[in-house]
Amino acid sequence: MNWYLDVLKNYATFGGRARRKEYWMFTLFNAIAYIVLMVIDLATIGSGVLPVIYELAVLIPSLAVAVRRLHDTDRSGGWLFIAFIPLVGAIILLVFLASDGKPEANKYGENPKLVPAAA
């Protein structure tokens, strides 16, 4: 849960690097929250508005963590736009996001695996 909250705390931080674990844990908790809200909404209101509001609320943090994840693989955040290429773009982006980060420092910062966590 801390991975999810840390991303929300840095909701508009597009600089730096994000580990795979940070990105995928955020994605997992984001999907769980969306499903829970969808079930609650369908059981009560039935309009599907709750999950849409949630997704709009976490849009900027989702983009920020994805950009930081791309930075960890030594790619610019502009690579997110490759997802607009039908079919192939989303697959390429998924491969980039799942790739291991560069072990050495790059122009986006130090390797987050080697930097001690702030207490």
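The values are calculated or read from the model by the stated rules, or taken from the named source; none is laboratory data. Only a predicted model underlies this, so the values are computations on that prediction, with no experimental measurement involved. Positions of Cβ are backbone-derived with ideal geometry, glycine not excepted, and every protein chain shown enters the neighbour counts.
Descriptive notes on the structure:
- The set of residues from the range 103-112 being assigned to a loop (DSSP other than H, G, I, E, B) and closer than 18 Å to residue 14 by Cα comprises 105, 107, 108, 110, 111, 112.
- Residues (surrounded by fewer than 16 Cβ atoms within 10 Å (Cβ to Cβ) and either β-branched (Val, Ile, Thr) or in contact with a helix residue (DSSP H, G or I) (Cβ under 6 Å, 6 or more places away or on another chain) (or both)) located in the range 13-28: 13, 14
- Test: residue in the range 17-27 that is assigned to a loop (DSSP other than H, G, I, E, B) and on the phi > 0 side of the Ramachandran plot: no
- Evaluated against (1) surrounded by fewer than 18 Cβ atoms within 10 Å (Cβ to Cβ); (2) part of a helix (DSSP H, G or I), residue 45 falls short on exactly one condition, (2).
- Any hit, the range 79-101, residues being in a helix (DSSP H, G or I), touching a residue at least 24 places away in the same chain (Cβ under 8 Å), within 18 Å of residue 2 (Cα to Cα) and not basic (Lys, Arg): no
- Of the residues 33, 119, the single one that is at pLDDT below 95 and outside any helix (DSSP H, G or I) is 119.
- Residue among 52, 39, 58 that alone is buried (at least 18 other Cβ atoms within 10 Å of the Cβ) and β-branched (Val, Ile, Thr): 58
- Residue, nearest to residue 25 (Cα to Cα), within the range 66-119, restricted to residues that are charged (D, E, K, R) and surrounded by fewer than 11 Cβ atoms within 10 Å (Cβ to Cβ): 100
- Matching residues in the range 7-16 - criterion: being touching a residue at least 40 places away in the same chain (Cβ under 8 Å) and on the phi < 0 side of the Ramachandran plot: 7, 8, 10, 11, 12, 13, 14, 15
- When residue 62 is tested against (1) in a helix (DSSP H, G or I); (2) polar (S, T, N, Q); (3) in contact with a Gly (Cβ under 8 Å, 6 or more places away or on another chain), just one condition goes unmet, and that condition is (3).
- Where a residue in the range 31-50 is over 18 Å from residue 4 (Cβ atoms) and its partner, wherever it lies, is among the hydrophobic types (A, V, I, L, M, F, W, C) and exposed (fewer than 12 other Cβ atoms within 10 Å of the Cβ), with Cβ under 7 Å and at least six apart: 41/49
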